[in-house]
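Chemist: I have a structure I would like to understand better, so I am pasting it below and will then ask my questions one at a time.
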């Protein structure tokens, strides 16, 4: 892959009942320092959510994931974290946490088109 740059990505998971540690994938977050790229893509499968838990509200999850997107985009509505450098935002979003929305460990790769790579990872691991 000539002209490829390194990137890191993590899979975004919904963990409806944290104490059970069961989850399903809903998105991907990808960071490429050299390309100055931080992107997120997500989609919550309503049927999977209902199979895991009837107590979790879809709108609440969408609001949380939208907040992640605002942070990725550096939008002022993303709060103070949205003003951090790209790498700091990525590290904050992919930090280990025990909440209903979590991310996998980060994984490295090479790409010359981070948006295309984000889309491909999303199709392979979420859809």
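Read-outs: derived from the displayed coordinates by stated rules, not from any lab. What you see is a predicted model, and the numbers here were worked out from it, not measured in a lab. When we count neighbours, we look across all protein chains shown, and the Cβ atoms used for this are built from the backbone with ideal geometry, even at glycine.
Chemist: Hey, what number do you get for the chain at 222 nm if only DSSP H runs of n ≥ 4 count, each worth -39500 (n - 2.57), divided across all residues, to the nearest 500?
Modeler: Theoretical 222 nm ellipticity from helices: -10000 deg cm²/dmol.
Chemist: For residue 115 and residue 2, FRET efficiency with R0 = 25 Å and r from the beta-carbon atoms, rounded to 0.05? Could you put the intermediate results ahead of the total?
Modeler: Working: r = 18 Å, r/R0 = 0.74.
My answer for the efficiency is 0.85.
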